[in-house]
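A short write-up of the structure that comes next.
The values are calculated or read from the model by the stated rules, or taken from the named source; none is laboratory data. What you see is a predicted model, and the numbers here were worked out from it, not measured in a lab. Every residue, glycine as well, gets a Cβ built from its backbone with ideal geometry; the counts of neighbours run over all protein chains shown.
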Amino acid sequence: ENILSHINFDKTQYCVVDMVASTDTFSNSLHLQFDTILLIVEPTVESVDLAKKYLALGRSVGIEQRIQIVGNKIIDDEDLTYIKKNLCINELVSFPMDQQLKKHLRD
């Protein structure tokens, strides 16, 4: 938050921040410092539940339109449908499960 508060951008610069998706974002003004928030969601109950909470908090402070959902570790259409249905969205950018990475992480 301190870095974002002190960065001076021009129209050609971007700052990408990787952070844990938690409700802490809404405990101060951090959520107001982003033009877009990409919320990475996996097709699991835990991930979808966290996304629901995050979207509800975004709605309550008026930034829901800045939050974009990205599906991650998608294996098939069922995974996409699960996220879309549970988050009540029609469109979803997604990334497939990388079997090579999965195998590498188990070695």
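Quick look at the values:
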item	result
Selected residue [under 12 Å from the mean Cα position of the chain (by Cα), modelled with pLDDT under 85 and among the charged types (D, E, K, R)] from Asp98, Asp18	Asp18
Of residues in the stretch 50-107 being surrounded by 14 or more Cβ atoms within 10 Å (Cβ to Cβ) and among the small types (Gly, Ala, Ser), the one nearest to Leu30 (Cα to Cα)	Gly58
Test for Ser5: is it assigned to a helix (DSSP H, G or I) and surrounded by fewer than 12 Cβ atoms within 10 Å (Cβ to Cβ)	yes
